[in-house]
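The values are calculated or read from the model by the stated rules, or taken from the named source; none is laboratory data. Given the structure is predicted, the values throughout are model-derived calculations rather than measurements. Don't worry about glycine lacking a Cβ; one is built from the backbone with ideal geometry, like all the others, and counts go over all protein chains shown.
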Amino acid sequence: MRRPILLLALAVLALAPGAMAQSANTLRAPLIGDPTAWPVNPPGLISDIMIGKVLFNNVVRFSFDDGSTVVPDLAASWDVDADSRVWTFFLRDDVRWHDGTPFTAADVVFTVETIRNPEVASRWRNAFATLDTIEAVDDHTVRFTFREPFAPLLSTLAYNLAIVPAHLVSTMDLSQPSGPTAFVTNPIGTGPFRFVEQVSGSHFIVEANPAYHEGRPSIDRIEFKVMPDVNTQVAQLLTGELDITWTVEPIHFDRLSRAANIEIRDVNVPRWDWIPLNLSNPLFQDKRVRQAMAYALDRQTVVDVVLGGYGQVADGPIPPSIAWVPRDGVLQIGFDPERAVALLAEAGWARGGDGLLRNAAGDRFRFTLLADRGNPTRDQIYLVAQDAWRSIGMDVAIETTEWNTVLARYRTGDYDARLGWWVIKPDPDLYDYFHSQGGLNQILYSNARVDELLERGRAVADEAERGAIYQELQVLLADEQPSIFLYYPTEVRASNARVKGLAPIGFRDSLTWLHLASLE
């Protein structure tokens, strides 16, 4: 009986060096929810976008060095006419899909037309609201023709618009909200890594694409581990079970900075954090109420204490990193509870004998903050907001659930308020977020002047003229306060010292360049 056991042990030892080598060249990274590999309309947003950055390519991308300059990706070069209406892209001729099929202009045309298809209901659809035609001039040339100038096309294409394979997807049912099952369970891209395996609630694994047109990645595998709890992410980073955490919360700064094998990097990204309000709820439809909620919240203390100083108070949705938009005249809402109470009184809300706000009909000002569990920073901010709004008489509850549930309810309007954020392209084109027809306008905001400004800002090529348009937009949105703008955070990530060559930009776009990274 002992000989078979001995042979088994020897076999395990013989396999161990190879297994260790494979593990040693596997990057392990967290996701906060189960991802879906459907870039045409990513249902879970951040997790979907992250895996998409390594599986797929865009027509163009943001640069390795600054994350804002647009550089080639599937397109080797491009031309634009004098008024930014006709754009022609000249595609690489050495790109193949993971199944070996050559990539062509037909794939770009198919992807854009799929996004524009109303039956697909893509959240990116309005990016092409003024597109007249898109055509494949030949196998490696694509021409976009707009009805009017479209200044932000390059940043729009570089942002999250990955290209999908026409030869596979064109025969599938595209009406499914989470993408065609046959594709999302076996996604085929052109990117530096190709799909291996997905286990719901556990992991999503990709491996190096040996035929990648920019050269085989140095990293053999990436194991994306589904791990919504940030405390668990940090614990596994410290024990070596993870190689990177994409965002480090302030509560963990000291612990990670003392670890000898951990490197920390901070970077400014075009992002704002806010508390979106469901404007279909009558409670939030009066601008004075929304302003009161902002005045009641001590956002500077949130930045100083909760964020540890890694950020600045937001006065609107256009972050300071987009420096060519002037900020003169933008309303600065500071911490002023007395002003908050006065505004609520003007809006018809007064405290009763129990200290709670009621309107003339006797209705309470009662709503629920929908919270996701597992993030210590957001946990604190929910409590700060609840206390601040209770202090002026609002009856505020907190309901905590899973991240994917929060997102699903947000998209369907089944919420009152929640904490959220947007990492936008490095351009002030906010059409998707605040236009009444915007694909990401889940707050259901509608303002005719805002719509006009958003449309004009896209249709002007001159940067100074665009800057003036978006300055007026920022002034208007700061006054309207369609939801509660909180802060512009500094993005902080931490990685094991063995990870080398990560792009020094925001983590989402750094994934686009992961084929240049390596593990020691």
| Condition check for LEU307: of a type outside the set (Lys, Arg), within 27 Å of the chain's Cα centre (by Cα) and either surrounded by 17 or more Cβ atoms within 10 Å (Cβ to Cβ) or in the same structural domain as SER68 (by TED's automatic domain parsing) (or both) | yes
| request: Looking only at the range 279-289, decide whether some residue is among the small types (Gly, Ala, Ser) and in contact with a Lys or Arg (Cβ under 9 Å, 6 or more places away or on another chain). | output: no
| query | Hey, among the residues in the range 81-124 that are charged (D, E, K, R), outside any loop (DSSP other than H, G, I, E, B) and in contact with a helix residue (DSSP H, G or I) (Cβ under 8 Å, 6 or more places away or on another chain), which one's surrounded by the fewest Cβ atoms within 10 Å (Cβ to Cβ)? | reply | ARG116
| If the Cβ limit is 7 Å and pairs must be 6+ apart or interchain, which residue in the range 49-61 that is in contact (Cβ under 8 Å) with a residue 12 or more places away in the chain and under 10 Å from ALA75 (Cβ atoms) pairs with which residue that is part of a helix (DSSP H, G or I) and not polar (S, T, N, Q)? | ASN58/LEU157; ASN58/ALA158; VAL59/VAL108; VAL59/LEU157; VAL60/LEU154; VAL60/LEU157; VAL60/ALA158; ARG61/ALA158
| said: Within the range 131-147, does at least one residue satisfy the condition of being in contact with a helix residue (DSSP H, G or I) (Cβ under 6 Å, 6 or more places away or on another chain), surrounded by 19 or more Cβ atoms within 10 Å (Cβ to Cβ) and in a helix (DSSP H, G or I)? | reply: no
| message | Just to be sure before I move on: is LEU343 assigned by TED's automatic domain parsing to the domain that holds ASN359, over 30 Å from ARG498 (Cα atoms), not in a helix (DSSP H, G or I) and not small (Gly, Ala, Ser) in the structure I sent? | response | no
| So LEU473 clears everything in (1) more than 15 Å from the chain's Cα centre (by Cα); (2) more than 30 Å from ALA388 (Cβ to Cβ) except one condition, right? Which one? | (2)
| message | Scan the range 243-255 and tell me whether some residue there is among the hydroxyl-bearing types (Ser, Thr, Tyr) and more than 22 Å from GLY501 (Cβ to Cβ). | response | no
| said: Yes or no: the range 368-385 includes at least one residue that is more than 26 Å from the chain's Cα centre (by Cα) and either buried (at least 16 other Cβ atoms within 10 Å of the Cβ) or at pLDDT below 95 (or both). | reply: no
| Conditions: (1) surrounded by fewer than 16 Cβ atoms within 10 Å (Cβ to Cβ); (2) on the phi < 0 side of the Ramachandran plot. GLY413 meets all but one. Number of the miss? | (2)
| remark: Within the range 431-445, residues being within 20 Å of ASP414 (Cβ to Cβ), without any contact (Cβ under 8 Å) to a residue 40 or more places away in the chain and touching a Leu at 6+ places or on another chain (Cβ under 9 Å) number 0
| request: Being in contact with an Asp or Glu (Cβ under 9 Å, 6 or more places away or on another chain) and farther than 15 Å from ALA478 by Cα is the filter; apply it to the range 438-453 and report the residue that is modelled with the lowest pLDDT. | output: GLY439
| Does THR26 qualify as being farther than 10 Å from ALA162 by Cβ, surrounded by fewer than 18 Cβ atoms within 10 Å (Cβ to Cβ) and in contact with a Phe, Trp or Tyr (Cβ under 9 Å, 6 or more places away or on another chain)? | no
| request: Assess whether TRP389 counts as being over 23 Å from PRO35 (Cα atoms) and in the same structural domain as ILE275 (by TED's automatic domain parsing). | output: yes
